[in-house]
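Reviewing the structure listed below.
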Amino acid sequence: MGEIPTLSLLSTVLVTVAISYFVAWFYRNHYNPQKMLIAYLVYALPLSILGYFLHLNFILIVGIYLFGGIILIFRNSTYFNQ
């Protein structure tokens, strides 16, 4: 666990946060959450490929993906309440 590439981990987290914000912003006027969730599910494959090439463990990729999903839910809730 001491040999986790920090720059790879940080870049993956930042890309995931950016994608979560973008998906929430893009679907801010759509009140059907299914479209938003499908758009975020499509991001799972590129994230897996990116994590593989950056030599991240599978559990880290899953954790980052779930973290982005939580951000997406709360960010979408912010747009919905406006």
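Values quoted throughout were computed directly from the atomic coordinates according to the rules given, and no laboratory measurement underlies them. Remember, predicted model here, so these are calculated numbers, not experimental data. Glycine also receives a Cβ, built like all others from the backbone with ideal geometry; neighbour counts cover every protein chain displayed.
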*Measure nothing fancy, just the Cα-based angle from helix 33-42's long axis to the longest principal axis of the chain, in degrees from 0 to 90, nearest 10.*
20
_At a threshold of 8 angstrom on Cα-Cα distance, excluding pairs fewer than six apart, so keeping six or more, what relative contact order does region 1-78 reach in percent?_
48
_Can you pull out the trypsin sites (Lys or Arg not before Pro) in region 1-78 whose DSSP state is coil and whose Cβ has at most 15 other Cβ atoms within 10 Å?_
R28
*With labels modelled as points extended 7 Å from the Cα through the Cβ direction, what inter-label distance (nm, one decimal) is found for E3 paired with L54?*
1.9
_Within the chain, helix-based [θ] at 222 nm, where runs of 4 or more DSSP H residues each add -39,500 (n - 2.57), nearest 500_ = -26500 deg cm²/dmol
*Put one equal scatterer on each alpha carbon of the chain, apply the Debye formula with no solvent term, and list log10 I(q)/I(0) at q = 0.13, 0.20 1/Å to two decimals.*
-0.41, -0.83
